[in-house]
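The values are calculated or read from the model by the stated rules, or taken from the named source; none is laboratory data. Just so you know, these numbers come straight off a predicted model, no measurement behind them. Reconstructed Cβ throughout: ideal geometry from the backbone, glycine too, with neighbour counts over all protein chains shown. Accessible surface is based on the protein model in full, side chains and every heavy atom, while ligands, DNA and RNA are left aside. Shrake-Rupley method; radii C 1.70, N 1.55, O 1.52, S 1.80 Å.
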Amino acid sequence: MSEPRIWKIHWNRLWPKLARAAIIAAGLFLAAALGARLWIGPLPEASLHPPPSPVVLDHKGRPLRFFLAADDQWRFYVPLKGLDPLLVRAEIAFEDRWFYYHPGVNPFALGRALRQNLGAGRIISGGSTLTMQVARMLEHRPRTYGSKLAEIFRAFQLELHYSKPEILELYFNLAPYGGNIQGVAAASRLYFGKSPDRLGPAEIALLVALPQSPETRRPDLHPQAARVARNRVLARLAARGLISADEYRRAIDTAVPKSRTDLPVIAPHMSEMLKSRVDKNGCVVSTIDLELQLFCEQKLKSHSRKLAVRGIKNAALVLIENKTGAVRALIGSPDFFDVQSQGQVNAALAARSPGSTLKPFLYARALDRGLVSPALLLPDVPTAFGDYEPENYDDTFRGMVSMHDALVNSLNVPAVALEALLKEEGVWSILRDAEFKSIRRDRNYYGLSLVLGGCGVNLLELTKLYASLARGGIWMPYRLVDKESMVPGKKFFSRGSSYIITEILSEVKRPDFPNEFITATNLPLVALKTGTSSGRKDAWSIGYDPEWTLGVWVGNADGAGNPELVGAESAAPLLLEIFDALRKGRRQQWFERPPEVGFRQVCALSGMIAGPNCPETRQEMYIYNVSPTRVCNFHQKFDIDSATGYRLCSFCRQGRKYQTKTFVRWPEEVANWMKAN
Ligand SMILES: [Zn+2]
Ligand SMILES: [Zn+2]
């Protein structure tokens, strides 16, 4: 009786053999990779990482606009972890089951393909691994046995340089999907309008089928072939248990997309501005907020339709978040695709005359220099500043007017006089410090008319400057790209002057408030200023609350004037509408009075500190230790001889009958003007 033979594994004898085999295999692999390098050269870097299509995203990473890559391809980079896991498993199951185990080449698959091809007398099967397919995508070679050999060498080389997941990622980013679509991210975006991390089985199967024969299976051109190829993949996935029988039944009945989906075109002008700032993956995360942008686009569009009836064709809008300086919405024209009205021109960046919109900054600066306080009277009479004689928009003069009323009524003479008084510290210096692009020359070049809008500014920089009033006088640059860090702000105005200007600009009873809104109850609380350029070419409205600053420009891109172009009537209503929506669903905060701002009693006429001769006083807001403290010199008391009506001095008063009367003594130039009018 013989003993049953037991197969024993003699590890001590097998180990050296295995080790030797492994060393030989590794040696062959290295030799192949080295041979590849000698024969076909190093890996073509440019083909491995072709230029991506620029994509501009909103601040939460949602796409706003896509641009074709430099070579006119749609190609969006996607990392492997950004793909639906079923897509990855399906690709491997269908194309290369042993992907994770082979060294780039699968000899069994190659052998089978060779047998099939020899039997058929032509090439019907490639036997290519995913790695070899990546190799084929890198270089265009004719379909010959020589090319196949080159691909095999390239595949070894790829396996030597990259991990399996990296090779998979290369495959999904380089594979062709028909027409100018390269990579699975562009394919799922253009065929399904989706990102490739959330796909259904039918979509996944089509994406697996397409790269094998992208031109004959393009669903937009050959839907029938696409469907057949897709369903073959689905059958395999069901057979392998990657999808359930139920999923399979539903998927095979799903229609293939008949055409490419339209790519979104949101914030097209902002996207244009950021296109050149994409990272190596082609992306740039902007500060735009998708919902706010869409909301503003829709509001501006419907507002523009009303303006178009009156011959006003263009408009622009900028919305800045005060706290961060982030531009959350930017619109350069009502309709980007309206060629006739130059819709592609970004009016938010166009230098236009700002009209009266610079005046708040003038008064803020004058408040800070102690030149004015809100009730202080300023002359409003014809005045020559050198050759320059400003007039008011209504061609009238008021004699004297308080600073408050001068700002509310946007009067020109008091503004020019203050600008002259401020010299190097006037509005010119504010615009220069705020980095206004078109303020490049010295003060004399612009002259005093700069303060009335005699210069070019763009809506974006103007809105940015207004945001500094909302921040209590702190100016900071706007931010367009999300990862741009916030730079520390600069103090342009004091908290006190910012607060006083804000209080004045948030009054409703004033000529530049849109008529239709004056009587409206439940108005949004907003500090706003309007402006109309001379010749009625531009209408502006800029407003802010503690959270937001919004700028609206209305006009024609070709600069044509229009009698209807008045800031109050054509720009401000849109601004109020948007502020009304912005405050919905939250409790609107308002600015707190800073401790350095208080109230005092001043002469009701002159606005100076009330003296013993002033008959009436009124309250005004002022800045401690800054606002002027001169006592009223308008009201003066004189003793009048009852018999002659002449003024008496204390000496000749003796023994005569007299009355003490209070007179108003106007400044000389005002008195002269009053006499003449
Ligand atoms: Zn007085
Ligand atoms: Zn006398």
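Data for the structure
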quantity	calculated
Whichever residue in region 362-402 is farther than 11 Å from Val416 by Cβ and among the hydroxyl-bearing types (Ser, Thr, Tyr) and, among such residues, is surrounded by the fewest Cβ atoms within 10 Å (Cβ to Cβ)	Thr396
Elements of type helices (runs of 4 or more DSSP H) contained in region 389-460, each with 3 or more residues being over 34 Å from the mean Cα position of the chain (by Cα)	403-408, 413-422
Failed condition for Arg432, given (1) open to solvent by 30 Å² or more (accessible area, probe 1.4 Å); (2) more than 24 Å from Phe492 (Cα to Cα)	(2)
Candidates Ala33, Ala22, Ala26 - the one that is modelled with pLDDT under 85 and crowded, with 19+ Cβ neighbours inside 10 Å	Ala33
Failed criterion for Ile243 (all others in (1) part of a helix (DSSP H, G or I); (2) at pLDDT 95 or above hold)	(1)
Only listed residue being open to solvent by less than 50 Å² (accessible area, probe 1.4 Å), more than 16 Å from ligand 1 (Cβ to nearest atom) and in a loop (DSSP other than H, G, I, E, B), chosen from Phe651, Phe591	Phe591
All positions within region 143-179 that are aromatic (Phe, Trp, Tyr) and either open to solvent by less than 40 Å² (accessible area, probe 1.4 Å) or assigned to a helix (DSSP H, G or I) (or both)	Tyr145, Phe153, Phe156, Tyr171, Phe172, Tyr177
Number of positions in region 605-629 that are among the hydrophobic types (A, V, I, L, M, F, W, C) and either more than 10 Å from ligand 1 (Cβ to nearest atom) or not in a loop (DSSP other than H, G, I, E, B) (or both)	4
Criterion violated by Val427 - all others in (1) open to solvent by 20 Å² or more (accessible area, probe 1.4 Å); (2) over 30 Å from Arg587 (Cβ atoms) satisfied	(1)
Residue match in region 193-201 (condition: of a type in the set (Ser, Thr, Tyr) and buried (at least 23 other Cβ atoms within 10 Å of the Cβ))	no
Hits in region 269-296 (condition: open to solvent by 40 Å² or more (accessible area, probe 1.4 Å) and among the charged types (D, E, K, R))	Glu272, Lys275, Arg277, Asp279, Lys280, Glu291
Selection count, region 95-115, where residues are surrounded by fewer than 13 Cβ atoms within 10 Å (Cβ to Cβ) and either among the charged types (D, E, K, R) or in a helix (DSSP H, G or I) (or both)	4
Selection within region 203-221 - open to solvent by 10 Å² or more (accessible area, probe 1.4 Å) and in a helix (DSSP H, G or I)	Glu203, Pro211, Gln212, Pro214, Glu215, Thr216, Arg217
Flag for Lys258 being under 21 Å from Ala187 (Cα atoms), touching a residue at least 24 places away in the same chain (Cβ under 8 Å) and of a type outside the set (Ser, Thr, Tyr)	yes
Exclusive hit being modelled with pLDDT under 90 and of a type outside the set (D, E, K, R), set Gln588, Gln636	Gln588
Filtered residue count, region 320-359, keeping only those that are over 30 Å from Leu64 (Cβ atoms) and surrounded by fewer than 24 Cβ atoms within 10 Å (Cβ to Cβ)	1
So Pro563, is it open to solvent by 60 Å² or more (accessible area, probe 1.4 Å), away from ligand 1 (no atom under 16 Å from the Cβ) and in the same structural domain as Leu505 (by TED's automatic domain parsing)	yes
Those residues of region 630-648 which are within 14 Å of ligand 1 (Cβ to nearest atom), open to solvent by 20 Å² or more (accessible area, probe 1.4 Å) and not in a strand (DSSP E or B), in sequence order	Arg630, Asn633
Some residue of region 353-370 being over 16 Å from Ile312 (Cα atoms) and either assigned to a strand (DSSP E or B) or without any contact (Cβ under 8 Å) to a residue 40 or more places away in the chain (or both)	no
Test: residue in region 598-614 that is away from ligand 2 (no atom under 16 Å from the Cβ), at pLDDT 95 or above, farther than 30 Å from Gly453 by Cβ and within 43 Å of the chain's Cα centre (by Cα)	yes
Single match in Ala415, Ala434 (criterion: over 25 Å from Pro511 (Cβ atoms), among the hydrophobic types (A, V, I, L, M, F, W, C) and either touching a Ser or Thr at 6+ places or on another chain (Cβ under 8 Å) or not assigned by TED's automatic domain parsing to the domain that holds Glu620 (or both))	Ala434
The listed residue being away from ligand 2 (no atom under 16 Å from the Cβ) and either in contact with a helix residue (DSSP H, G or I) (Cβ under 6 Å, 6 or more places away or on another chain) or not aromatic (Phe, Trp, Tyr) (or both), out of Leu576, Leu648	Leu576
Test: residue in region 605-612 that is under 25 Å from Leu358 (Cβ atoms) and open to solvent by 20 Å² or more (accessible area, probe 1.4 Å)	no
Residues of region 246-268 satisfying the condition of being open to solvent by less than 60 Å² (accessible area, probe 1.4 Å) and part of a helix (DSSP H, G or I)	Ala251, Ile252, Pro268
Close pairs from region 631-645: first free of Cβ contacts under 8 Å to residues at least 24 places away in the same chain and away from ligand 2 (no atom under 15 Å from the Cβ), partner open to solvent by less than 40 Å² (accessible area, probe 1.4 Å) and assigned to a loop (DSSP other than H, G, I, E, B), Cβ under 8 Å, at least 6 apart	Val631/Met608; Val631/Ala610; Val631/Gly611
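So that you can scan it fast, the table gives a plain yes or no per residue for (1) outside the structural domain of Ala560 (by TED's automatic domain parsing); (2) out of contact with any Pro (no Cβ under 6 Å at 6 or more places or on another chain); (3) over 17 Å from Leu317 (Cα atoms); (4) not β-branched (Val, Ile, Thr):
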| position | (1), (2), (3), (4) |
| --- | --- |
| Leu465 | no, yes, no, yes |
| Ala470 | no, yes, yes, yes |
| Gly473 | no, yes, yes, yes |
| Pro477 | no, yes, yes, yes |
| Ser506 | no, yes, yes, yes |
| Phe517 | no, yes, yes, yes |
| Thr530 | no, yes, no, no |
